[in-house]
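First up is the structure itself, then whatever we jot down about it.
The values are calculated or read from the model by the stated rules, or taken from the named source; none is laboratory data. All of these numbers come straight from a predicted model, not from anything done at the bench. Here the Cβ is made from the backbone with ideal geometry for all residues, glycine too, and neighbour counts use every protein chain on show.
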Amino acid sequence: MDFDEYRTYDATGLAELVADKQVTADELLDLARQRAAAVNPRLNAIVRDVPTASQPRRDGQFTGVPFLIKDLAQDYAGLPTSAGSRALASAPAAEHATVVSRWLDAGLVIFGKTNTPEFGAKGITEPDLWGPARNPWDLSRSPGGSSGGSAAAVAAGIVPCAGANDGGGSIRIPAACCGLVGLKPGRGLTPSGPAVGESMHGAAVQGVVSRTVRDTAAMLDVIGGGEPWGPYAPAMPTSSFADCVGAPPGRLRIGVRVPSAINPQPHPEARAAVEATVAALTELGHEVEELAAAPFDDAALARDFLCTWFVHAAWEVAEAKRLTGAGDEGFERDTLLLASLGRATSSVDYVDAVERRHAHTRRLTEFFESHDLLLTPTLATPPPKIGEFDLPVLLQRASELLIRTRTAPLLRFTAIVDDIVDKNLNWVPYTQLANLTGRPAISVPLHWTADRLPLGVQFVAPLAGESLLIQLAAQLEEARPWADRTAPV
């Protein structure tokens, strides 16, 4: 097998070849490593090697398939999980994360860890520690974040599928930027342990980015389900997620919303992506309705998301300092800014933001009483340029001075915060809804721009709607195939 043939198979197909003894695990690993050696110097997708010589080779659903894990919340025992931070770059993990153990039990061969922004706190992947990851469709652009390294690696053909996680869009955003499938499971369906019961009050979940819906479904079968130290045992469907691929979803009623309170006028290509999807849905017999207003208060939801995000950043910095003894020099300026805002948030304001999740969830649930799914763009703009969201030099200097003088909480009363919020959420205003409400959502690559850049669309489902999302995504994949598109890197 050569790379051109390797590239045509998804993870499920490669596993079938290994099972039929048409190819060996070592041959596949060599091909993945050769491809990584050829393109990773330009992409900067893989930031750490994982030794495979002593890795257990287990018989499972994906025996012998090369795989990458994200260098955030996917611990591999004995290796650091940097989370994109200088402070954690040399602190080895004591044990495997549950999700990593499940991938190993499924027979996957993990040979590297992928690039991520510091603490996964941005929708782009440009950490000071590792440098920016780049999009295989256009090296001047971001692959998104925070699972940007994983998405770049999959889109470039290094592996057909890679580990990812999502606390505010970090699976769906890079999937949309790189022409991939990105499913964010509902709250509690995938494990966060053993070090953490649930991350960000359950808003952050584990998953993958992949080229095909059947890989996404099969990987959810591998990693789904509770764990002894988890906060609860999630209800699992009676049939496997893989069985949903090819099963008809029935005639669905889908509400469509393109404008948002954060970005009332998305890029024309974002609207074009939705229009193309609506056309495909209509051809398939689904009922599609454009909504006059969002079925939730998206402006209030954005404020609540950012409040909890800032406070969580403050906790992450404090926890990293406790674990490593690092000082402020161990963290990026933008992270310290977010942490300062978090520390300046009152406990009452924080709890208010967390408690209001129920109001957002209830309004969305009322929408699902008359609709099966919500359709939005995944991104409000095409993938951004590398460095596009850097603070202007004067603001950088001002913020560094405030951090040094411990007066950064005053940032709440300056335009710097508005600039941070606008630049970080303006292009991704749609994804936080599913995290705060705990609902499943998927990004599928149904549109390419005039510049040949991917631009995905997002479907949000009601509670336990993963099976329905997989059924519809598979139906759309058959109607508008995408897996054979090849990034030009």
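Among residues of region 155-170 that are closer than 14 Å to Trp103 by Cα, those with a beta-carbon under 6 Å from a residue that is polar (S, T, N, Q) and part of a loop (DSSP other than H, G, I, E, B) at least six positions away or on a different chain give the pairs Gly163/Gln74; Ala164/Ser147. Can you spot a residue in region 449-468 that is modelled with pLDDT under 95, buried (at least 19 other Cβ atoms within 10 Å of the Cβ) and more than 30 Å from Ala36 (Cβ to Cβ)? Checked region 449-468: no residue is modelled with pLDDT under 95, buried (at least 19 other Cβ atoms within 10 Å of the Cβ) and more than 30 Å from Ala36 (Cβ to Cβ).
When the residues of region 324-346 are filtered to those that are modelled with pLDDT of 95 or more and farther than 25 Å from Lys423 by Cβ, the one that is surrounded by the most Cβ atoms within 10 Å (Cβ to Cβ) is Ala326. Annotation: of all residues in region 347-370 being small (Gly, Ala, Ser) and under 21 Å from Gly202 (Cα atoms), the one that is surrounded by the most Cβ atoms within 10 Å (Cβ to Cβ) is Ala353. So which residues in region 30-46 are over 19 Å from Val109 (Cβ atoms) and basic (Lys, Arg)? Within region 30-46, Arg42 is the sole residue that qualifies. Within region 53-80, restricting attention to residues that are free of Cβ contacts under 8 Å to residues at least 24 places away in the same chain and out of contact with any His (no Cβ under 6 Å at 6 or more places or on another chain), which residue is surrounded by the fewest Cβ atoms within 10 Å (Cβ to Cβ)? Here the residue is Ala53. For residues in region 424-444 being at pLDDT below 95 and polar (S, T, N, Q), which is farthest from Asn165 (Cα to Cα)? Taking the candidates together, the pick is Asn426. Only one entry of Leu281, Leu291 meets the criterion of being surrounded by fewer than 21 Cβ atoms within 10 Å (Cβ to Cβ), of a type in the set (A, V, I, L, M) and more than 22 Å from the chain's Cα centre (by Cα), and that entry is Leu291.
Scanning region 238-256 for residues that are more than 23 Å from the chain's Cα centre (by Cα), more than 26 Å from Val274 (Cβ to Cβ) and part of a loop (DSSP other than H, G, I, E, B) returns Thr238, Ser239.
When Gly197 is tested against (1) modelled with pLDDT under 95; (2) within 15 Å of the chain's Cα centre (by Cα), just one condition goes unmet, and that condition is (2). Condition check for Ala398 on (1) modelled with pLDDT under 95; (2) farther than 27 Å from Arg134 by Cα; (3) crowded, with 17+ Cβ neighbours inside 10 Å: one failure, at (3).
Taking region 469-481 as the range and being over 19 Å from the mean Cα position of the chain (by Cα) and either closer than 19 Å to Gly225 by Cβ or not in a helix (DSSP H, G or I) (or both) as the test, the residues that pass are Arg480, Pro481.
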